[in-house]
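As structure tokens, the structure follows; a few thoughts come after it.
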Amino acid sequence: MKRALVIGVVLLAALALAACGGPGGTTGGITVSDAWARTSPMMERAGAAYMVLQNSGAAEDKLLSVESDVAKTIELHETKESGGMMQMSPVPNIPVAAGGKTELKPGGLHVMLIGLNRELKAGDKVQLTLNFEKAGKVPVTAEVKEQ
Amino acid sequence: MKRWRWIALITIGLLLVACAHQFSGVAPNPIGPAPDFALIDENGQPFQLSDLRGKWILLAYGYTHCPDVCPLTLSHLRDVKKTVDSNGDEVQVVFVTIDPERDTPDIMHKYVGHFDKLFPQKFKGLSGTPAEIAAAAQPYHVRYEKKETGSADGYSMNHTAEVYLIDPQFNWRMTFPFGVKAEEIAADLQTFMKNPEAK
């Protein structure tokens, strides 16, 4: 009984901490900055979000998935150049080295927003929850930009 | 007296810097007529690239299921047009799909419509049969292939992502590799617009 109470309090504290993360916050050694999403050309086509992931922890962490109410399915993708052609494919996760940073940017790694629930207009804010292997859930606000 | 000498030197220096424009694009060797092609435009009408003779043409290939590379290219071309020709019709952007299976003229209309809102002279979004698209891509050395990736968004198209510049005499003047910035393309284009013989 006592143990259940303790677990409950710890969980609540963890949730409260996660909620404090906010845009650009640090959770479990992971800091997310410069998060933005591109304006969507049309509802029938996927959108993309970009950001910088920084890991101040002593061990590698991995971005495993992203959740948001903005799209029905969210995948992690990477564009690579191979033999002069740009190739885009899903990736299972995005690693962030211990003490390192990984940049999600146009023409490289990105978060793909498939099946948009609303149009992404310049100036809008999109709430994303990033799920890391070690740091857990990291909430992020991405600004929609015309780029 | 000394001061005047300095001013003269600085002026000459500035002029030299201005003259020696470093192009970001690569000129074909030799420069010759742009390959022409016939496709269907975003209004479902037949369209010949050479109909645009008399304008500077910025030509790019891609597909609308491309959330990363293609919007980047088209937003760059929008910024180029905004910089060098925002109200005029001297510069025409043309986007050709390499995914005609999914990119119908109606889809192209919506897609390019997102990028050309600012301009009276709208972007062209071209589609066609797979054979027509191949005929429009091959002479510009555009390569593409379909790839199943397991994404919920369906198959992906691997493709080259260069931008081609065609001059008002309908000569192929320059190729810009993927990653060249909008301001670099704009600077090259402005140099040509001032001096069509620039090399």
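For this structure, a couple of remarks:
- Accessible-area value, B:Glu183, 1.4 Å probe, nucleic acids and ligands omitted, Å²: 120 Å²
- Backbone amide hydrogens, once placed in the peptide plane, bring A:Phe132 within less than 5 Å of A:Leu64, A:Lys137, A:Val138, excluding anything fewer than 5 places away on its chain.
- Gaussian network model of chain B, Cα within-10 Å springs - most flexible of B:Thr149, B:Thr73, B:Thr104: B:Thr149
- Phi-derived couplings, Karplus 6.51 cos²θ - 1.76 cosθ + 1.60 at θ = phi - 60°, listed residue by residue for the range B:61-77: 10, x, 8, 7, 7, 10, x, 10, 6, 5, x, 5, 4, 5, 6, 5, 5 Hz, with x used for Gly and Pro.
- Charge dipole (debye, nearest 20) of chain B; +1 at Cβ of Lys and Arg, -1 at Cβ of Asp and Glu: 1100 debye
- Among beta bridges that DSSP assigns inside the protein assembly as shown, antiparallel share in %, nearest 5: 85 percent
- Mean ellipticity per residue at 222 nm, deg cm²/dmol - from DSSP H runs of n ≥ 4 across chain B, formula -39500 (n - 2.57): -10500 deg cm²/dmol
- A 1.4 Å probe run over chain B, with the rest of the protein chains in place, finds 48 Å² accessible per residue.
- In chain B, taking the dipole from charged Cβ atoms about the Cα centre, the farthest positive-side position among B:Tyr155, B:Ile133, B:Leu59 is held by B:Leu59.
- Residue by residue, the range A:50-64 carries 3J(HN,Hα) couplings of 9, 5, 10, 9, 10, 10, 8, x, 8, 10, 5, 10, 9, 7, 9 Hz when phi is fed to the Karplus relation 6.51 cos²θ - 1.76 cosθ + 1.60 (θ = phi - 60°); x denotes Gly or Pro.
- Three-way shape label, the range B:52-198, alpha-carbon gyration tensor, a/c 1.5: prolate
- Heavy-atom accessible surface that A and B bury in contact, both chains counted, 1.4 Å, Å² to 100: 2500 Å²
- Residue separation of B:Lys181 and B:Gln48 scaled by 0.36 nm, minus their Cα-Cα distance, works out to 45.1 nm of gained length.
- Under 5 Å between amide hydrogens, built in the peptide plane, is the criterion, and for B:Ile98 it picks out B:Gly62, B:Tyr63 among residues at least 5 positions away or on other chains.
- Straight-line cross-link partners of A:Lys134 among the aspartates and glutamates, defined as a Cα under 15 Å from its Cα and at least 8 positions apart when in the same chain: A:Glu60, A:Asp61.
- In this structure, the amide hydrogen of B:Gln92, modeled 1.01 Å from its nitrogen in the peptide plane, lies closer than 5 angstrom to those of B:Trp56, B:Ile57, B:Leu58, counting only residues at least 5 positions away or on a different chain.
- Here the 3J(HN,Hα) profile of the range A:136-147, calculated from phi with Karplus coefficients 6.51, -1.76 and 1.60 at θ = phi - 60°, is x, 7, 10, x, 9, 10, 10, 8, 7, 10, 8, 9 Hz, Gly and Pro shown as x.
- Spacing of the modelled spin labels on B:Thr149 and A:Glu44, each 7 Å from Cα toward Cβ, amounts to 2.0 nm.
- A simple count of charges around B:Ile107, restricted to other residues whose Cβ falls under 13 Å of its Cβ and scoring Lys, Arg +1 and Asp, Glu -1, yields -4.
- In a fully extended conformation the segment linking A:Asp69 and A:Ala122 would gain 17.3 nm over its present Cα-Cα distance, using 0.36 nm per residue.
The values are calculated or read from the model by the stated rules, or taken from the named source; none is laboratory data. The model shown is predicted, which means the values in this text are computed figures rather than measured ones. Please note: Cβ atoms are built from the backbone with ideal geometry, for glycine as well, and neighbour counts cover all protein chains shown. These accessible areas exclude ligands, DNA and RNA; they are computed on the full protein's heavy atoms, side chains included. Shrake-Rupley method; radii C 1.70, N 1.55, O 1.52, S 1.80 Å.
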